[in-house]
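I have placed the structure first, in the form of structure tokens, so that the comments after it can refer back to it.
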Amino acid sequence: MKFNKEGAPAEALYEWWEDLQEIESPKNQKRPRRLDRAGRATLRRCATIAQITGVPAYQHLCRRLQQKGWSASSLAQNDRLAAVAGLLAHVKEDDEQPLAKTMSACAEGSDQPKVSTLRFMRLLDSPDLETIFTGLRRVLPLMKHKANVKALAEDLIYWGDKVKKEWAYSYDWPDKSGDA
């Protein structure tokens, strides 16, 4: 199942994320909003994936995606979806760029990337889902809570060597030589 492409599961995930937001999104004005500020607050307080699995907002996402074809065939996939839900509760603004591009963009008024190369390399070294979840929770504030919603979901669902390589190639590594 792909979240970074258009389709029923991707749209269901995006609508769920929009429902967590405090502001009205101009993207989906055709459907009634079901604001879930309490769900967002509860998800944001969850420090582990295990905590997320017991949150009604996450369970609502699971049911929504199952209706759109999400296969809840394994505990590992459900844990990955829980990590996605927990992180999306911290995302306030959708970005069109790949996640690594957003991380490597320079902060306003600075020539340094929002996420330093050292911190980025630590993310790439994340050996498991819990580690990347914790790392991204800490990085999202540095990115001003801005991330590509569908790409974040896709990358976490399929976290592994392929995604790590894609991130490494997408990150704009600073030039250490001083040459322009």
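Counting only residues that are in contact (Cβ under 8 Å) with a residue 12 or more places away in the chain and not in a helix (DSSP H, G or I), which one in region 48-70 is surrounded by the most Cβ atoms within 10 Å (Cβ to Cβ)?
70
Can you spot a residue in region 14-37 that is closer than 16 Å to residue 133 by Cα, under 16 Å from the mean Cα position of the chain (by Cα) and at pLDDT below 95?
no
Residue 131 passes all but one of (1) among the polar types (S, T, N, Q); (2) touching a residue at least 24 places away in the same chain (Cβ under 8 Å); (3) in a helix (DSSP H, G or I); which number fails?
(2)
Here's a check for you: in region 91-111, which residue that is touching a Pro at 6+ places or on another chain (Cβ under 8 Å) and in contact (Cβ under 8 Å) with a residue 40 or more places away in the chain is surrounded by the fewest Cβ atoms within 10 Å (Cβ to Cβ)?
Out of the qualifying residues, it is 105.
Could you tell me whether region 120-129 includes any residue that is more than 23 Å from residue 8 (Cα to Cα), of a type in the set (Lys, Arg) and in contact with a Leu (Cβ under 8 Å, 6 or more places away or on another chain)?
For region 120-129, residues more than 23 Å from residue 8 (Cα to Cα), of a type in the set (Lys, Arg) and in contact with a Leu (Cβ under 8 Å, 6 or more places away or on another chain): absent.
Starting from region 140-163, take each residue that is without any contact (Cβ under 8 Å) to a residue 40 or more places away in the chain and list its partners that are acidic (Asp, Glu), counting only C-beta distances under 8 angstrom and pairs at least six apart or across chains.
163/155
Looking at (1) free of Cβ contacts under 8 Å to residues at least 60 places away in the same chain; (2) surrounded by 16 or more Cβ atoms within 10 Å (Cβ to Cβ); (3) assigned to a helix (DSSP H, G or I), which is the only condition residue 115 fails?
Every listed condition holds for residue 115 apart from (3).
For residues that are among the basic types (Lys, Arg) and more than 13 Å from the chain's Cα centre (by Cα), scanning just region 145-180, find the one that is surrounded by the most Cβ atoms within 10 Å (Cβ to Cβ).
164
The values are calculated or read from the model by the stated rules, or taken from the named source; none is laboratory data. Bear in mind the structure is a predicted one, so any value in this text is a computation, not a measurement. Neighbour counts are summed over all protein chains in view; Cβ atoms, including those assigned to glycine, are modelled from backbone coordinates with ideal geometry.
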